[in-house]
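Visitor: Below is the structure I would like to discuss, written out as structure tokens.
The values are calculated or read from the model by the stated rules, or taken from the named source; none is laboratory data. Remember, it's a predicted structure, so these values are computed and weren't measured experimentally. Heads up, the Cβs are rebuilt from the backbone with ideal geometry, glycines too, and the neighbour counts pull from every protein chain shown. The accessibility values were calculated without ligands, DNA or RNA, using every heavy atom of the protein model including side chains. Shrake-Rupley method; radii C 1.70, N 1.55, O 1.52, S 1.80 Å.
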Amino acid sequence: MKHVVVLTGAGMSAESGLKTFRDANGLWEGHDIMKVATAEGFSKNPELVLEFYNQRRKQLLQVNPNSAHHALSALEKTHKVTIITQNVDDLHERAGSKNILHLHGELLKVRSTVDDSHIYNWKHDLSLGDLCEKGSQLRPHIVWFGEPVPLISQAIEICKSADSLLIIGTSLQVYPAASLVQYVPPEKDIFYIDPKPIMALNKHVTIISEKATTGVQKVIDELTKYN
Ligand code: APR
């Protein structure tokens, strides 16, 4: 089976009803990144940070995967599919995709602030005083700005083994995720589906300036035509 690697960003989940970060009216317009998405922000005002992610978690539990999530899951019938997502939602999982790497963490998990290996499933609000089994405060299982991205080496290896790469709904502003495209072997096809794609990719890329729900289906029709 051909290996399709998929790199998704917030635009993947936009039609499910989750806001992106950098679009007009996006999350970073209404919230200060430094205050809600850094370790410094968390130590200065943990309540604010916990409330920001509590809101995100509540919203996530009210939305569903869209047809693009489902189309990627169905592609597993004919292709080996690995999804590398920058998204912290679980919509790829709920659509039924099997191989998913969450580069920036997961909203429905929390972890110990003293031991990264203590990770717990979490569906309700997280508050000050919610402790791990070692007795220290729990934090969202999210990779904040300035923190290392533990799964990046695994993601690089996955990209090296791609027969094609689909980039969906990301502004490619955040590194190291944005650099993954460079690891796909030069002769392989790369498709970039985004209504407002950045044009700075220095590789040959087929750009599909559409929303995820229409653009993903077009690319999948193309991939399965020659299967
Ligand atoms: N379908 C596809 N793409 C869409 C749609 C849609 N319906 N609506 C918007 N988009 C595109 C936008 O044009 C934009 O290019 O989704 C992209 C969203 O970009 P960002 O908001 O920057 O989100 P993302 O690239 O995922 O951000 C990366 O930044 O804040 C951090 O950790 C956070 O994982 C996130 C990372």
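Visitor: Give just the number: which of (1) more than 24 Å from Tyr192 (Cβ to Cβ); (2) open to solvent by less than 60 Å² (accessible area, probe 1.4 Å) does Thr20 not satisfy?
Guide: Only one criterion in (1) more than 24 Å from Tyr192 (Cβ to Cβ); (2) open to solvent by less than 60 Å² (accessible area, probe 1.4 Å) is unmet by Thr20, namely (1).
Visitor: Within region 199-219, can one find any residue that is more than 28 Å from Val63 (Cβ to Cβ), in contact with a strand residue (DSSP E or B) (Cβ under 9 Å, 6 or more places away or on another chain) and assigned to a helix (DSSP H, G or I)?
Guide: No, there is no match, as no residue in region 199-219 is more than 28 Å from Val63 (Cβ to Cβ), in contact with a strand residue (DSSP E or B) (Cβ under 9 Å, 6 or more places away or on another chain) and assigned to a helix (DSSP H, G or I).
Visitor: Here's a follow-up. Search region 193-227 for residues being of a type in the set (S, T, N, Q) and modelled with pLDDT of 95 or more, and hand back the single one that is farthest from Ala71 (Cα to Cα).
Guide: Among them, the one singled out is Ser209.
Visitor: Among the strands (runs of 3 or more DSSP E) confined wholly to region 77-195, which include 3 or more residues that are touching a helix residue (DSSP H, G or I) at 6+ places or on another chain (Cβ under 9 Å) and within 12 Å of the ligand (Cβ to nearest atom)?
Guide: Once the strands (runs of 3 or more DSSP E) in region 77-195 are filtered for at least 3 residues that are touching a helix residue (DSSP H, G or I) at 6+ places or on another chain (Cβ under 9 Å) and within 12 Å of the ligand (Cβ to nearest atom), what remains is 164-168.
Visitor: For residues that are under 18 Å from the mean Cα position of the chain (by Cα), closer than 22 Å to Leu75 by Cα and surrounded by fewer than 22 Cβ atoms within 10 Å (Cβ to Cβ), tally how many sit in region 160-189.
Guide: The qualifying residues number 1.
Visitor: Filter region 196-208 down to residues that are more than 9 Å from the ligand (Cβ to nearest atom) and out of contact with any Phe, Trp or Tyr (no Cβ under 8 Å at 6 or more places or on another chain) and give me whichever is most open to solvent (accessible area, probe 1.4 Å).
Guide: So, considering only residues that are more than 9 Å from the ligand (Cβ to nearest atom) and out of contact with any Phe, Trp or Tyr (no Cβ under 8 Å at 6 or more places or on another chain), the one most open to solvent (accessible area, probe 1.4 Å) is His204.
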